[in-house]
Each structure stands twice: as structure tokens, then as C-alpha cells.
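I have placed the structure first, in the form of C-alpha cells, so that the comments after it can refer back to it.
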Amino acid sequence: MIDAPGGVSVGAALARAREHLAALEPRSLEMVASHVAGLKALVPPATEIEIASRLEAAYQAASGVIDAAGPFERHDLCAAATSLCDVIDATPPDTMLDWRIIQVHARAIELMLVLPTEAVVEREKVLEGLADMRARKVHSAG
């Protein structure tokens, strides 16, 4: 009962919710790291048959980063993962993607995980680099 007689005030309920959410952030970052490890472990497809399943695995890992980082307002991590999803979306079916793109995104997310919170400029530079690469790769795929 929020803001009712005998209940909890809205302010107190929000404060408790923020505390509970903050307590979940370390687990969220572990999940992000796990998805990054999954991206780094992906190997380029050896055959045309493997292309779709490997791209799907990369897309799912990037989506997992967004799902884990989003509630904690880690816009940097979400932007890097979204960038990878955009590149995969722009890749025509049965086309071999330059696999280095996946590894670069994984390393970018990994780097942003270890950068100190105040490293705003550095995060922006990483995201700018991904945006430049995405623009080149999406343009060349289209």
C-alpha cells in the first residue's frame, strides 16, 4: 500500500526500489561480461549453412547486453550492442560478414565495462569509432 493510511510513502517506496535495483547492478554487469565472452568465442562460419546461425548467436548476445545493461542506464553498453545489431540487420542473408566487426564490438563493450564512470570522453570516442565502422560496413553492404 503506497501513499495510503498505514502504507509506505511514495518517496520511501521509490528509495527502496532504487536500493534494490542498485543491488542488482553487479549481477547485470556479470551478465554483460558473459554475453561479451559469448561474442568473443564465436568463430567465423566455415560454410554458408553456418552463416545464419552464427549471426543469430551474435545478435542474441548483443541483445542480451542491451537487456542486462538497459535497466541500469548503461547507455554506452546499449549503444555498442545496438551498433552490432544494426550491422547484422544490414547484412544481406547468406552474406559473409567481416567477422572482425563482431570482435571489435565485443572488445569495445569489454573496454567500456572496465573504464571508470568518469571516462565519458573515452566512452564517446569508442562509440564514435563504432559508428564510423558501422556507417562504412552498412554502406558497403547496401
Heavy-atom accessible area per residue - segment 1-86, 1.4 Å, Å²:
58 Å²
Quick query: amide H of residue 8 versus all other amide H atoms, modeled in the peptide plane; which residues come in under 5 Å with a sequence gap of 5 or more or a different chain?
2, 3
On the protein heavy atoms, probe 1.4 angstrom, tell me the percent of accessible surface of segment 1-57 carried by carbon and sulfur.
64 percent
Using a Gaussian network model on the chain with a 10 Å cutoff between Cα atoms, which of 16, 107, 74 fluctuates the most?
16
Å³ per residue enclosed by the Cα convex hull of segment 1-67
82 Å³
Quick one: if the Förster radius is 30 Å, what FRET efficiency do residue 8 and residue 30 give, using the C-beta to C-beta distance and rounding to 0.05?
0.45
When each pair of different Cα atoms in the chain is counted once in the 1/r mean, what is the Kirkwood radius in angstroms, to one decimal?
16.6 Å
For segment 18-92, which GluC sites (Glu not before Pro) are in a loop by DSSP, counting at most 14 other Cβ atoms within 10 Å?
73
Let me check I've understood the local charge: for residue 29, count other residues with C-beta under 14 angstrom from its C-beta, Lys and Arg +1, Asp and Glu -1. What total comes out?
-4
With every protein chain kept in place and a 1.4 Å probe, the residues 87, 138 fall, from largest accessible area down, as 138, 87
Counting only Cα atoms, I'd like the Rg/Rh figure for segment 37-91, Kirkwood definition for Rh.
1.02
Label point at residue 46 placed 7 Å out along Cα→Cβ; residues across segment 97-119 whose backbone nitrogen lies under 19 Å:
97, 99-100
Considering Cα pairs under 8 angstrom that are at least six residues apart, work out the relative contact order of the chain and quote it in whole percent.
24 percent
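The values are calculated or read from the model by the stated rules, or taken from the named source; none is laboratory data. None of the values given here were measured: they were computed from a predicted structure. All Cβ positions, even for glycine, are placed from backbone atoms using ideal geometry, and neighbour counts span all protein chains on display. Remember, those area values only see protein heavy atoms, side chains included, never the ligands or the DNA or RNA. Shrake-Rupley method; radii C 1.70, N 1.55, O 1.52, S 1.80 Å.
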